[in-house]
Amino acid sequence: MIDRLAVLGATGDLTARFLLPALAALRAAGQVGDHLEVTAASREDWPAEHYREWAATQLERHGGDHPAEAREAVVASLRYLRADVTSPADVAAVVAGDGPVAVYLALPPALFPSVITALHAAGLPAGSRIVLEKPFGEDLAGAQRLNGLLADLLPERAVFRVDHFLAMATVQNVLGSRLANRVLEPIWNSTHIERVDIVWDETLALEGRAGYYDHVGALKDMVQNHLLQLLCLVAMEPPITLGERDLRDRKVDVLRSVRPLAERDVVHRTRRARYLPGRIGDREVPAYVDEEGVAPKRRTETFAEVELELDSWRWSGTLFRLRSGKALGTDRKEVAVHFRPVPHLPFGHHGEALPNVLRFELEPEGLVLDVTGIGARAHELAPVSLTARMEPQELPAYGRLLLDVLNGDPALSIRGDEAEEAWRVLEPVLAAWDRDLVPLEEYPAGSQGPPPRQR
């Protein structure tokens, strides 16, 4: 295990909300101890003690459910340096020390190329690792350039392109349910499955993130990385093992099998929209274009939907619908597997036999199977839902990711070719949207999104 962690961008939202609580969770679980050195670097000219006070406040706010002694241990382990993360000299001071270091880029993706260049000039000790948050590049060409820079710095196995969705227990349960139960795998194909909806709808609006979100939008922020990752887990062939090579090879196979979208496909199979003023619960939400920091001329979407098909023996004829939206009326975060209807109903039964749906609920965690049974009256069909609630995972998603980084296990990180294939899938969508071939629709905040399209 590496015992040095350097966080670049250590005063940002990612560090405050996720990385510091993840370190406290690892402490509380006994996964790391006093041997772990954490160097925090950012541009703020703060004394070290001021940074520790800030970190303690953030831990109380975002990680208050962890034991006080674990939080205090994390704060005590922090060393703060003011640094320009694009300066080789400043970066060299951050990573200086004995032995390998894990460098976490908790930074806006636009800074990645210059920071990686600075790390290359500064030099990293042998055995070091680098961690990058999504989105990985802004397009296919950008991802390829970034991969080239990383390849000059470290071997692929030392590069962790992390997506915290992959470390969520319920996301991993998609694989567990498929591969550890004989009842599912024989029917996990287009013969039995008509459609898969991969949905991340949230009631949260912009919440002060215009500096990041207004430059990416829903398609890049959610669909291009998170939801395509979920698609891979749903559609992949069973790997021989869950080791880094086997698992990631099968995920790349899925992305390569996505049928390329022609221009006419993008027009008919994608949607984009942004929210108008509205009410969500007890709060009034302004229109997206009126949110602080938003540039209306960018025409950034807050809702994106893409329909994909896979050219493979297993999935030919199954539709995969990926959808994500902000400021909607209800939270809906799930993978919903819709089975085809039964071909025949026995004579004498009344009512409708709805197609079975298996729902992997992502937040909160749960598993629901919608089936049809006999209702209170004889010969009358009625819907039945079988529900299971999952035990909370021991470590939060970011805790699991940090532990994998420190232990050098890249199985849940995204390989370079996988990152490029994900961009290849959506390049036609980005190009068509840039040309306004798909209208930018609107929906009131607090609604269920834009009205259904007339087929």
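The alpha-carbon of Lys251 sits under 29 angstrom from the alpha-carbons of these lysines, leaving out residues fewer than 8 places away in its chain: Lys134, Lys220, Lys326, Lys333.
Think of it as helices only: each DSSP H run of n ≥ 4 in the chain is worth -39500 (n - 2.57), and spread over all residues that comes to -9500 deg cm²/dmol at 222 nm. A crude spin-label estimate for the pair Glu72 and Asp13, with each label 7 Å from Cα along the Cβ direction, gives 3.2 nm. Given their separation in residues at 0.36 nm each and the Cα-Cα distance between them, Thr86 and His120 gain 11.2 nm when the chain is fully extended.
For the range 89-94, putting each phi into the Karplus relation 6.51 cos²θ - 1.76 cosθ + 1.60 with θ = phi - 60° gives couplings of 5, 5, 5, 4, 5, 5 Hz, in residue order, rounded to whole numbers and with x for Gly and Pro.
If only the Cβ of Lys and Arg carry +1 and only the Cβ of Asp and Glu carry -1, the dipole of the range 105-173 around its Cα centre is close to 160 debye. Largest first, the residues Ser257, Ser385 sort by 1.4 Å accessible area into Ser385, Ser257. The angle separating the long axis of helix 416-434 from the principal Cα axis of greatest extent in the chain is about 70 degrees. Annotation for the range 354-409: GluC sites (Glu not before Pro) lying in DSSP loop with at most 12 further Cβ atoms inside 10 Å of their Cβ are Glu394. Modelled spin labels at Glu352 and Leu369, positioned 7 Å past Cα toward Cβ, are 2.3 nm from each other. Just one of (i) 39, 25, 23; (ii) 64, 32, 25; (iii) 30, 28, 21 is semi-axes √(5λ) of the Cα gyration tensor in Å as worked out from the coordinates here. Which one is it? Recomputing semi-axes √(5λ) of the Cα gyration tensor in Å here picks out (i). Rolling a 1.4 angstrom probe over the chain with all protein chains present gives an accessible area of which 52% lies on carbon and sulfur atoms. Relative to the current alpha-carbon distance between Arg340 and Trp313, full extension at 0.36 nm per residue lengthens the span by 8.0 nm. About its Cα centre, the range 5-49 has a charge dipole of approximately 200 debye under the convention of +1 per Lys or Arg Cβ and -1 per Asp or Glu Cβ, with nothing else charged. With the highest mean first, a sort of the peptides 402-411, 28-37, 419-428 on other beta-carbon atoms found within 10 angstrom per residue produces 419-428, 402-411, 28-37. Ordered from largest to smallest accessible area (heavy atoms of protein chains, 1.4 Å probe), the residues His226, His164 come out as His164, His226. Pairing the Cα long axis of helix 68-77 with the longest principal axis of the chain, what angle in degrees results, from 0 to 90 and rounded to the nearest 10? Value to nearest ten degrees: 50. The mean sequence separation of alpha-carbon pairs under 8 Å and at least six residues apart, normalised by the residue count of the chain, gives a relative contact order of 19 percent. Projected label points at Leu437 and Arg283, each 7 Å from Cα along the beta carbon direction, are separated by 3.8 nanometres. On a per residue basis, the chain carries 45 Å² of accessible surface, using protein heavy atoms and a 1.4 Å probe.
The values are calculated or read from the model by the stated rules, or taken from the named source; none is laboratory data. As the structure is a prediction and not an experimental result, all values here were calculated from the model. Note that we place each Cβ from the backbone using ideal geometry, even for glycine, and neighbour counts take in every protein chain shown. Heavy atoms of the whole protein, side chains included, go into the accessibility calculation; ligands, DNA and RNA do not. Shrake-Rupley method; radii C 1.70, N 1.55, O 1.52, S 1.80 Å.
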